[in-house]
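The values are calculated or read from the model by the stated rules, or taken from the named source; none is laboratory data. Source: prediction; values computed, not measured. Quick reminder, even Gly has a Cβ in these numbers, built from the backbone with ideal geometry, and neighbours come from all protein chains shown.
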Amino acid sequence: MINVANAQEMNGFRTDNYNGVYGAFFNPANFGNSPYKLDVGLVGLNIFAGNKNLDFSFNTFSDLSTDTNVLNSFVGNGKTNSIMVNAQFHLPSISYKVNDKIGIAFLLRSRILLSLQDIDGTLINSIRMGATNPALPYQLNGTTNMRLSANAFSEYAVAGSYVAVNEGFHFLKVGGTIKYLAGVGNSYLQLDKINATLDTISNGNAVATKASGSIAYAVGGVEIVNPSLSLAANASGIGADLGIVYEYRPDHLKNEHIPYLLKANAALLDLGSINYKVIPNQTAGYTINIPAGQNFDLSKLDRNYKDTLIKYSNYFSKISPESSYRVSLPRTLQLGLDYRAIKNVFVAANVQLAISNNESKAYNPKAVNAVTITPRYEGKLLAAYLPINFSNLSKTSIGFGLRAGPLFVGSSSLISLMISNSKQMDFYFGFRFGFKTKKDIK
């Protein structure tokens with residue numbers, strides 16, 4: 001089972017000691033003892049798309065110009081695929097170093113998380129293509145549950161960081177973030193334990209027979225896939241992040257602008273949830289019972305599956321839905337090591353572990369398990385990153401990132417897309433600037 005929804009954000013830049021207020025999004029202890037008295041993040045954007053099967057390259061982008069081409073690309077081969085698309089919009093945020101021990105930050109971010117999990121390509125093609133699907137007849141064996149979920153929400157957060165230890169070679173800081181979560185909307189569709197025979201009949205239609213399982217769908221707030229999406233909050237919740245950072249600072253580095261030889265960090269991110277009230281006419285559940293010897297025309301699901309499920313009540317028995325549901329954030333445990341190889345050259349290793357266990361809840365966004373190795377050059381005004389990422393969704397990808405003055409830009413997949421292909425494509429950029437006091441300047 002692949003869990004998909006939330007990827008590591010801004011690979012490369014997230015390891016930079018000069019990422020300012022943005023460091024609080026990756027670990028709330030990061031900005032404690034910051035090199036900046038005041039740091040302002042003006043704007044940031046991170047967009048990611050990844051999947052299990054399809055290889056992207058710069059040559060294939062033109063093939064994804066229409067909705068039909070996108071669907072053909074992801075499931076046209078009839079294979080089961082899992083897909084993730086997410087976007088994070090960083091709105092103006094600010095951090096302030098109260099003194100050498102205490103830092104505070106005010107953070108704003110909006111997030112859109114889309115995921116399709118274990119989507120059976122042969123089923124989708126049978127609905128779209130009918131009898132022209134060459135894979136028929138086909139048996140759905142119910143071993144996987146198909147999921148589609150979409151989440152949109154904003155975070156209004158206050159973060160604090162505190163230097164707990166600064167003695168000899170040892171430096172330790174801790175931090176936490178409390179978030180008000182403004183939910184815009186959640187939509188989901190789930191198909192559970194579907195057993196069915198897909199075949200063709202004499203009139204040329206693709207049909208399902210001897211079928212069982214269940215279907216459920218719901219909308220809370222506004223429907224994410226509706227083009228008239230409003231950014232107004234329709235639900236609310238509380239969230240939190242926790243973090244700790246340890247640095248080993250030998251004497252011979254105490255006058256360097258980055259004074260550690262080794263840094264270790266850990267963070268629990270995205271604790272919390274949002275409570276949604278459902279839209280009744282957009283929410284329902286059904287059990288499936290299509291007996292052997294009876295056929296249901298799959299093409300009837302192609303346009304408006306909701307009306308079809310209501311119309312064919314002899315095959316789809318309605319279940320009363322809940323009036324509300326609670327959507328958890330995609331909780332992760334973040335672990336990292338950062339080693340100073342030579343002056344201004346570092347190698348970071350970061351691990352992201354999904355710690356949510358929500359297989360029965362299709363509406364919850366999930367997180368990938370990932371490991372990222374990032375060699376980088378880091379100076380005060382210029383930094384360059386080479387993130388090498390391994391995940392249980394999109395496998396291996398190699399990217400590149402750059403910080404130059406107030407601008408940062410990068411991708412976890414740029415080099416892979418340039419030299420061959422990748423099962424993901426992503427991009428981030430932003431602007432931030434900091435102010436130092438004379439005491440802080442080294």
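Matching residues to (1) more than 13 Å from PHE13 (Cβ to Cβ); (2) hydrophobic (A, V, I, L, M, F, W, C); (3) in contact with a strand residue (DSSP E or B) (Cβ under 8 Å, 6 or more places away or on another chain):
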position: ILE388; (1), (2), (3): yes, yes, yes
position: LYS395; (1), (2), (3): yes, no, no
position: GLY399; (1), (2), (3): no, no, yes
position: ALA404; (1), (2), (3): no, yes, yes
position: LEU407; (1), (2), (3): no, yes, yes
position: SER412; (1), (2), (3): no, no, yes
position: LEU417; (1), (2), (3): yes, yes, yes
position: SER422; (1), (2), (3): yes, no, yes
position: ASP426; (1), (2), (3): no, no, yes
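Residue check, LYS318 against (1) touching a strand residue (DSSP E or B) at 6+ places or on another chain (Cβ under 9 Å); (2) over 14 Å from GLY213 (Cβ atoms); (3) touching a residue at least 60 places away in the same chain (Cβ under 8 Å), all met but one. Which one?
Unmet for LYS318, out of (1) touching a strand residue (DSSP E or B) at 6+ places or on another chain (Cβ under 9 Å); (2) over 14 Å from GLY213 (Cβ atoms); (3) touching a residue at least 60 places away in the same chain (Cβ under 8 Å): (3).
For residues in the range 143-169 being more than 30 Å from ASN99 (Cα to Cα) and of a type in the set (A, V, I, L, M, F, W, C), which is surrounded by the fewest Cβ atoms within 10 Å (Cβ to Cβ)?
Of everything passing the filter in the range 143-169, LEU148 is surrounded by the fewest Cβ atoms within 10 Å (Cβ to Cβ).
Taking the range 319-341 on its own, how many of its residues are over 30 Å from ASN289 (Cα atoms) and not basic (Lys, Arg)?
So the answer is 12.
Restricting to the range 305-350, and then to whatever is among the β-branched types (Val, Ile, Thr) and within 28 Å of the chain's Cα centre (by Cα), can you tell me which residue is surrounded by the fewest Cβ atoms within 10 Å (Cβ to Cβ)?
Looking at the filtered set, the residue picked out is VAL347.
Which of the residues belonging to the range 382-392 are surrounded by fewer than 23 Cβ atoms within 10 Å (Cβ to Cβ) and either modelled with pLDDT of 95 or more or under 20 Å from PHE74 (Cβ atoms) (or both)?
Within the range 382-392, LEU382, ALA384, LEU386, ILE388, ASN392 meet the criteria.
Picking from LEU140, LEU108, LEU113, LEU136, which residue would you name as being more than 29 Å from ASN392 (Cβ to Cβ) and either at pLDDT 90 or above or surrounded by fewer than 18 Cβ atoms within 10 Å (Cβ to Cβ) (or both)?
Of LEU140, LEU108, LEU113, LEU136, the one residue that is more than 29 Å from ASN392 (Cβ to Cβ) and either at pLDDT 90 or above or surrounded by fewer than 18 Cβ atoms within 10 Å (Cβ to Cβ) (or both) is LEU108.
Cβ-Cβ under 6 Å, sequence separation 6+ or interchain: first residue in the range 277-301 and modelled with pLDDT under 90 and part of a loop (DSSP other than H, G, I, E, B), partner among the β-branched types (Val, Ile, Thr) and loosely packed, with under 15 Cβ neighbours inside 10 Å. Which pairs?
Pairs that qualify, where the first residue is modelled with pLDDT under 90 and part of a loop (DSSP other than H, G, I, E, B) and the partner is among the β-branched types (Val, Ile, Thr) and loosely packed, with under 15 Cβ neighbours inside 10 Å: there are none.
Name the strands (runs of 3 or more DSSP E) wholly inside the range 90-185 in which the number of residues that are farther than 26 Å from ALA216 by Cα is 1 or more.
Where strands (runs of 3 or more DSSP E) fall fully within the range 90-185 and carry at least 1 residues being farther than 26 Å from ALA216 by Cα, they are 102-120, 146-167.
Taking the range 267-289, which residues are of a type in the set (D, E, K, R) and surrounded by 20 or more Cβ atoms within 10 Å (Cβ to Cβ)?
ASP270
Among the residues of the range 18-47, what is the count of those that are assigned to a helix (DSSP H, G or I) and among the acidic types (Asp, Glu)?
0
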